[in-house]
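Encoded as structure tokens, the structure appears first; notes follow it.
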Amino acid sequence: MKLLYCGFNAFGQLPHVQATAVCELTEFPQMSAHDVHISWSYIVILSDAASPQDTAQVACCERHILSVERSGEVSKYCSDSAMRTALESITSDNITSLSCGETFDAFATSRGCVYAAMSPVLHLSSDHVTEVACGNEHCLVLTSAGAVYSWGTGSRGQLGHGDLEKEQERARQVDMLAGLKVTHIAAGGWHSVALADTGDIYVWGWNCEGQLGLPSVGCKGRKRRQEEVSVQTEPALLQNVTDVQQVACGSRHTVLLLR
Amino acid sequence: RRLQCYVKLTVANMDIHSLPNIEAVLGRTWEILNTGHWKDVPLAPRQLYTAAAIVKIAALLKCYKEQQANKLELLQSAMKTADLGIMLGASLSAGNCNMTQVAQLLSEALTAIQSEANNGRVNTEDGTNIYKPVLGTESIAGVRGQPVITLDRPSLEKFRTEHFVPQVPAKLTSCMMHWPAVDKWKDINYIRRVAGARTVPVELGSHYVDPEWSMKMMTIADFIETHIMQQRDDSTTVGYLAQHPLFDLICFFFFFLQVPELIGDIFEPEYCCLSEDLDDSKEAEPTDINAWFGPKGTLSPLHHDPKHNLLAQVVGEKRILLYSPGETEKLYPHEGSMLNNTAQVNPEKPDYSTFPKYKTAQTWECHLQPGEMLYIPPKWWHHVRSLCTSFSVSFWWT
């Protein structure tokens, strides 16, 4: 597949382009890839040339790149050491998905256990984890049954429980999505997004730059102040948006791919 | 470390094209400052923010010198950058750059340009009659209370023994007689002139979980225009105060840090030197001085603060209701660590069926007029409503 890029380019993220910012989607030359992960410091491209069998999952954040092999071995790479180091195993179970954020890393095992910051925060008895996503201070977990759990700091409503409290002991289910089957989750710096099997999008967390797609104080244009949302503490359905196929979040923005 | 590269890039070619680089530093550092609790943020990222702000201002000023168009926008952007630098940054240990001074120079330059542009079309509208209330306290709906005791310029010792130590509120009169502010701030055009170009964080809404809550950065001139002057024309119909569902809590936390010229108009009350701590050798924490500036009808919902508070009314009038910490149960504080200093009861619309104990709570009341101060002891619940455009200064100390 072709790889297209737009965004900041002062570090030569796009090797053949001089400008410090790339405003239009531009193709990576001579690159055919099947997956890409992007963070403040790293772009990780899983190219078609390499064998896709070995690496099960990759995640990156400002601090490092984490990858987990099919064998279950987790490695860490960071530009300081220029070396790939194996991560001490936190569990003997197979790690099936992982994610990292600004302040901590999260791992999900084949036996339905999720570790954040190296201690277990969730045990599922009859379900298993399909996705884990990390923001700057929180973590979201999606199970195969379509349930969403959240963990971490909630001071901007990013946990979705209708308040600003944190959940540090155990990940807690986002009850307001309990009637839905969520198929995909994404976490931004301080916001969360869930895609339901109906193609609908639910958003919660910080909206300082309009990253939730709701009226924001940060946006230009006249709006009645009553409509503006700064912090959304429980999932809200995005109106006028349907048939969403995929969602991804940056630190303070969200991107939806429609069918 | 990586951020150092960005800064080097900008310094090398300081022009309009290098602005995205320095803004990347500011943007990234801003995110670091917004992670976790503000009080836990280490010094280093705040200093980095200040350093980046300095570089951005330098780049903008270089463009200002070289360009012909958009000069005003460049200066305004530099001004906003300096204000954010004051609010979020921390002074650098090396070098002699003082962000407050930088901000003052920029502010003066902007004011000069803007008055030139107005061509002497000085604001002739009367900036003074917005500070007179149209309706009295008796027109406010809800509970009434016993008047708080009033003392006229009490001695330090009397205040200490009868109020500070036993933690009993009091209204103090004749303590602001030498404050230039009481006269100078009567004219809103003075504030507009001295501080109009400055950016302040305006918090609108009673608290975070309130769906109406939002925080917006705006210049004081914009704030005055959209929130204060527009209210002036609002009807003086009876019941206005009861009808208006405003929950605007507007406090400028950094106001005096940003505009030191106004600090010369006020004086820290001598009562603030009192301390519960008997250890004389311990250095006292500096007093927190905050500005509360807002239109008629602004309201602080019932809440309490951890420090001693002297609320000094400079211009305009306020009605304050007080409850002692002993009444806390009757006020039904919110659950949760973020909001438990805010009560659920609304004194102006008491709901005795949901909150039955509130009926027996003892209410104290105070009508604060210009030149008067109210002493609010720590943990005392207070509810504040402004009766007209009002500017108060609060002194928080331990």
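What distance in nm separates the two pseudo spin-label positions at B:Ala109 and A:Leu257, each 7 Å out from Cα along the beta-carbon direction?
4.7 nm
For the range B:325-352, which residues drop by 10 square angstrom or more in accessible area between the chain on its own and all protein chains together (1.4 Å probe)?
B:Gly336, B:Ser337, B:Met338
Quick one: with all protein chains in place, what share of the accessible area of the range A:113-259 is carbon or sulfur, to the nearest percent (1.4 Å probe)?
46 percent
When the Cα centres of the range B:130-182 and the range B:330-398 are compared, how far apart do they sit, in Å?
Rounded to whole Å, the Cα centres lie 15 Å apart.
Take A:Leu238, B:Leu321 and sort them by solvent-accessible surface of the protein heavy atoms, 1.4 Å probe, largest at the top.
Accessible-area ranking of A:Leu238, B:Leu321, largest first: A:Leu238, B:Leu321.
Report the local net charge at A:Ser110: Lys and Arg +1, Asp and Glu -1, summed over other residues whose C-beta lies under 15 Å from its C-beta.
Once all neighbours under 15 Å are counted, the net charge is -3.
Would you kindly state how much longer the chain becomes between B:Asp288 and B:Glu116 on full extension, computed as 0.36 nm times their sequence separation minus their alpha carbon distance, in nm to one decimal?
58.3 nm
Please give the net charge around A:Arg252, taking every other residue with its beta carbon less than 14 angstrom from that of A:Arg252, where Lys and Arg add +1 and Asp and Glu add -1.
Once all neighbours under 14 Å are counted, the net charge is -3.
How do A:Cys113, A:Cys23, A:Cys78 stack up against each other in accessible area, from largest to smallest, with a 1.4 angstrom probe?
Per-residue accessible area, sorted high to low, gives A:Cys23, A:Cys78, A:Cys113.
Could you sort A:Val244, A:Val229 by accessible area so the largest value comes first, with the probe set to 1.4 Å?
Of A:Val244, A:Val229, the descending order of accessible area is A:Val229, A:Val244.
Return the tail of the calculated pair distribution for chain A, meaning the percent of Cα-Cα pairs more than 26 Å apart.
That fraction is 43 percent.
Probe 1.4 Å, all protein chains in place: accessible area of B:Glu73 in Å², nearest 10?
For B:Glu73, the solvent-accessible surface is approximately 110 Å².
Taking H placed 1.01 Å from N in the peptide plane, check which residues at least 5 places from B:Val202 or on another chain put their amide H under 5 Å from its amide H.
Placed amide hydrogens put B:Lys216, B:Met217, B:Met218 under 5 Å from B:Val202.
Which distance in Å, rounded to a whole number, links the C-alpha centroids of the range B:23-102 and the range A:1-66?
For the range B:23-102 versus the range A:1-66, the Cα centre distance is 31 Å.
Net charge around A:Val148, counting only other residues with Cβ within less than 15 Å of its Cβ (Lys, Arg = +1; Asp, Glu = -1)?
Net of charged neighbours comes to -4.
For B:Phe223, what accessible area in Å² do you get when you roll a 1.4 Å probe over the heavy atoms of the protein chains, rounding to the nearest 10?
0 Å²
Could you pull the accessible area for B:Ile263 with a 1.4 Å probe, rounded to 10 Å²?
70 Å²
Skipping prolines and chain starts, which residues have an amide H placed within reach, meaning under 5 Å, of the one on A:Leu4, given they are 5 or more residues away or on another chain?
A:Phe28
Rounded to the nearest 0.05, what FRET efficiency is calculated for A:Leu237 and A:Ala10 with R0 set to 25 Å and r the Cβ-Cβ distance?
So the FRET efficiency works out to roughly 0.05.
The values are calculated or read from the model by the stated rules, or taken from the named source; none is laboratory data. Remember, it's a predicted structure, so these values are computed and weren't measured experimentally. All Cβ positions, even for glycine, are placed from backbone atoms using ideal geometry, and neighbour counts span all protein chains on display. Remember, those area values only see protein heavy atoms, side chains included, never the ligands or the DNA or RNA. Shrake-Rupley method; radii C 1.70, N 1.55, O 1.52, S 1.80 Å.
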